[in-house]
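Values quoted throughout were computed directly from the atomic coordinates according to the rules given, and no laboratory measurement underlies them. These figures come from a predicted structure and were not determined experimentally. Every residue, glycine as well, gets a Cβ built from its backbone with ideal geometry; the counts of neighbours run over all protein chains shown.
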Amino acid sequence: MIRGIGILTVFLLAGKQPASPDVLKITIPEIVVVAGESSVIKMEVEIKKGYHIQANKVNDDLLIPTTLEIAKDEGITTGRQEFPPAKKFKLEGSDNLLDVYDGNFEIRIPFKTTKKISKGQHILDAKLHYQACDHRTCLFPKTIGFSITVKVA
Amino acid sequence: MKSIVKSLVLIAYLDLSLAAGAQQDQPMIGQMAPSFTLKAVDGKTYSSDQLRGKYVVIHFAATWCPFCNAEAPYLQELYKSYRDKGVEVFIVDVKEDKALVEKSFARFNFSFPVLLDEDGSISTKYAPEGVQPDLARHEVPLASNLIIDKEGKIRFYSLLNTISFDAKLTKLKEKLDSLLNSK
């Protein structure tokens, strides 16, 4: 049973790639859960106005889909990630339609804890892989690392 | 006081107009194209010095770049239409390895060379100064098209932040026709 969800916590985001504009911000509400119970991580993603990133499922296998990687934790098992439906984006000057995300969207990650998990904070290391474009320029693919904090009460 | 304010407004307006004008102009026109020697997916090495006396079309690409892939079939068509007129076409793939490029571009059946700028150094040389300063320099020319003339000078440069994307290469072909007809 979830005891409560704390104040929004911003985890940001040390990219090691060359200087590209920061087009993406991640916010994750702090989660408090009782040992042995399940919950959902709701990861809020904000894309800078004018930009989009490729969706989790792309309609062309040459494109780089947005994917999320979460490191394993002994007491926490994450389930199937739920990405939102993609929007269609028409490339200016061509007939191609891309599946993308823009604006604000949420990625949901269900998880369960073991009964033996220790109380206190558990930090899950995570990486988001994405490739961003605006209507005329594409940026190189990027991976950003961040942390997800799960408090076990 | 009013006249000072008017002057400042005028200066600001002129600055904005000039900036807007600069954005519309193609960069590096008339400059010598930066030299390159690059290996291609076909295993051969191509050098810009060997291309003197020919018109050369270069497209900077990456396999994941949606703009580049939208343009790819039209670039192949262009090559087929212009190769007998002494026009060479190259893709310069930026910062990807041969295996990936070879596999990914197989679908396009390019009959012109795809060059590998694996460290991005050539792409960096083609990044015009002051354009998109918030990008890594090797990122700037991505998805752009250039025409280099017989003397090695840049005659067309469709940098994406300055000119609308033109997958069908209409503007490039107009310029190429004009250059070929004026010789």
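Stretching the chain fully between residue B:118 and residue B:35 yields a gain of 28.3 nm (0.36 nm per residue, less the alpha carbon separation). Across the stretch A:2-152, the mean sequence separation of Cα contacts (distance under 8 Å, 6 or more residues apart), normalised by length, yields a relative contact order of 31 percent. Computed from phi, the 3J(HN,Hα) profile of the stretch A:122-131 under the Karplus parametrisation 6.51, -1.76, 1.60 (θ = phi - 60°) reads 10, 9, 9, 7, 9, 9, 10, 9, 7, 9 Hz, with x in place of Gly and Pro. A Förster radius of 25 Å combined with the Cβ-Cβ distance from residue A:112 to residue A:46 puts the calculated FRET efficiency at roughly 0.35.
Counting beta carbons within 10 Å around each of A:108, A:136, B:155 and listing the fewest first gives the order A:108, A:136, B:155. Here the Karplus curve 6.51 cos²θ - 1.76 cosθ + 1.60, taken at θ = phi - 60°, turns the phi angles of the stretch A:75-87 into couplings of x, 10, 10, 8, x, 5, 6, 10, 9, x, x, 7, 9 Hz, with x standing for Gly and Pro.
Would you mind getting me the FRET efficiency between residue B:153 and residue A:135? Use the beta-carbon distance for r and R0 = 35 Å, nearest 0.05. For R0 = 35 Å, the calculated efficiency reads 0.70. Descending by average beta-carbon neighbour count within 10 Å, the peptides B:114-125, B:133-144 line up as B:133-144, B:114-125, the highest first. Counting only Cα atoms, the size of the stretch B:28-181 along its three principal axes is 39, 35, 29 Å, in decreasing order. Distance between the modelled labels on residue B:47 and residue A:59, one decimal in nanometres: 4.6 nm (7 Å Cα→Cβ projection). Both radii come from the Cα set of the stretch A:2-152: Rg as radius of gyration, Rh as Kirkwood radius; their ratio Rg/Rh reads 1.02.
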